[in-house]
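Following: one structure in structure tokens, then a few remarks.
The values are calculated or read from the model by the stated rules, or taken from the named source; none is laboratory data. Note that the structure is predicted; figures quoted are calculated from it, not measured. Don't worry about glycine lacking a Cβ; one is built from the backbone with ideal geometry, like all the others, and counts go over all protein chains shown. We work out accessible area using only protein heavy atoms, side chains counted, and drop any ligands, DNA or RNA first. Shrake-Rupley method; radii C 1.70, N 1.55, O 1.52, S 1.80 Å.
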Amino acid sequence: MGITKINNLTELILFAAKSNLFREALWAMDESLNYEELLERAGKLSNTILLTGLKKGDRVAILFERSCGLYIAILASLFCGAVYVPLNPRFPNLRNKNMLKRSGASVLIVDESNLSLGLDISNSSDFEGSIILPESECKECNKELVISKSEVEKNSSEICPPKINADDNAYLLFTSGSTGEPKGVPITHGNLCEYIRGIKLINKVTPQDRIVQIVSVTFDLSAHDMFLAWTSGAALYSLPENVGALAGRFVDEFGITCWLSVPSTAALMKQAGILKRSSMPSLRISFFCGEALSDCIAQTWSEAAPNSSLVNLYGPTEATIAISYFPYDPNEIDRPSILPLGKPIGNQRMEVIND
């Protein structure tokens, strides 16, 4: 079966990574890893997760800052056939507790800076699984339930993922709860692979690209950035939390080529005077999703990134990141004030069912 027909996200990532071992794979918090280093660290953590007795399809909750460790934990979960469930240190404790409890996670991975928070939410949510601390030791912790850094480092880095099917889940994200209680939305490997293929048909991505990540990993747009990068042998650049209007400066500093954000981020950049004409020449692909995109913002962005295509994406979380796309033409004369939803991505379908 050709690589383009694979419906297993883990297999696509491993194929691209092993084909680009010495290329940069990840930058976060001033730390950079190539694919070889990323696979080694994710492999050790993945084998540690398996030692807890985890089975394919079990959930792994992750509580990390936006460091390389966060992305290593996500990949480690996928490599052992688990479903990753991102938590967020910025969320209220009660929300993280509810997400952990409702996810049914059997493993919780916590970074060093959130050790106290992780232990607190696990205790108060009646969490009965294993806790892995890949960055720290916890001498006061119950050794039967907590695996510390020294134990993680002893494990093999060899990656031997289980057989993963298209309908196996890859991640579980919780909605914002704007229409009621937040609900967990599981997304499958097959749906993710189909989405990534569809996006690559809109704009090809190569190992030379640098893809920026602005949104939190608790937001489904993050999957676009991560998996578009790692199935292409490209580099993911994770910006600091809540960078907001300053994101444009990172584009120029690091030579970012691929962008995805909500339109309000671009609006903040415009308001702050960041979107000056030709200020982001390295960008060649710009996606916007999650909110209505105005022609005013799209036009200003096109002037600031003159070498970039601009595509408006639309779709609810349940539709796997986005379901439709609309390519923007800044030279079109009769443009609507709000960009349309456009056409379905890849093999997806849209229907109008009433007025």
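Just a few scattered comments:
- Chymotrypsin sites (Phe, Trp or Tyr not before Pro) within segment 1-61, DSSP loop, no more than 11 other Cβ atoms inside 10 Å: 22
- Think of it as helices only: each DSSP H run of n ≥ 4 in the chain is worth -39500 (n - 2.57), and spread over all residues that comes to -10000 deg cm²/dmol at 222 nm.
- Here segment 13-52 has 52 percent of its accessible surface on carbon and sulfur atoms, given a 1.4 Å probe and all protein chains in place.
- Beta bridges per DSSP with both ends in the chain, % antiparallel, nearest 5: 35
- Hits among aspartates and glutamates - C-alpha to C-alpha of residue 18 under 14 Å, sequence gap 8 or more where chains match: 36, 37, 40, 158
- Overall dimensions of segment 259-298 by Cα: Rg and Dmax, Å: 10.0, 25
- Counting only cysteine Cβ atoms and a cutoff under 4.7 Å, the chain contains unmatched residues 68, 80, 160, 193, 258, 289, 296.
- Portion, in percent, of the accessible area of segment 98-212 that falls on carbon or sulfur, probe 1.4 Å: 46
- Kirkwood hydrodynamic radius (C-alpha pairs) into Stokes-Einstein, the chain, 10 °C and 1.306 mPa s, D in µm²/s: 76
- The phi torsions of segment 131-141, fed into the Karplus equation with coefficients 6.51, -1.76 and 1.60 and a -60° offset, translate into couplings of 10, 10, 10, x, 10, 8, 9, 9, 5, 8, 7 Hz, rounded to whole numbers, with Gly and Pro shown as x.
- Residue among 141, 80, 258 with the largest mean-square fluctuation in a Gaussian network model of the chain, springs linking Cα atoms under 10 Å: 141
- Residues with amide H under 5 Å from that of residue 59, placed H, sequence gap 5 or more: 83, 106
- As computed over segment 234-355, the Cα convex hull volume per residue (Å³): 131
- Long-range HN-HN contacts of residue 170 with modeled amide H, under 5 Å: 187, 188, 189
- Among 100, 33, 260, the largest mean-square fluctuation in a Gaussian network model of the chain (Cα springs under 10 Å) belongs to 33.
- Amide H partners (placed H, <5 Å) of residue 323, local residues excluded: 314, 315
- Computing FRET efficiency as 1/(1 + (r/R0)^6) for residue 185 and residue 101, where r is the C-beta to C-beta distance and R0 is 22 Å, gives about 0.85.
- Listed by chain and number, the lysines placed with their C-alpha closer than 16 angstrom to that of residue 270 amount to none; residues fewer than eight positions away on the same chain are left out.
- Among 137, 181, 332: highest mean-square fluctuation, GNM of the chain, C-alpha pairs under 10 Å: 332
- With a cut-off of 14 Å between beta carbons, the residues surrounding residue 285 carry a summed charge of +2, where Lys and Arg count +1 and Asp and Glu -1.
- Surrounding net charge for residue 64, when Lys and Arg each add one and Asp and Glu each subtract one, Cβ distance under 10 Å: -3
- Unit charges on C-beta of K, R, D, E only; dipole of segment 1-146, Debye: 660
- Accessible area per residue in Å² at 1.4 Å probe, computed on the chain: 44
- Rolling a 1.4 Å probe over the protein heavy atoms of segment 276-355, with every protein chain left in place, gives an accessible area that is 52 percent carbon and sulfur.
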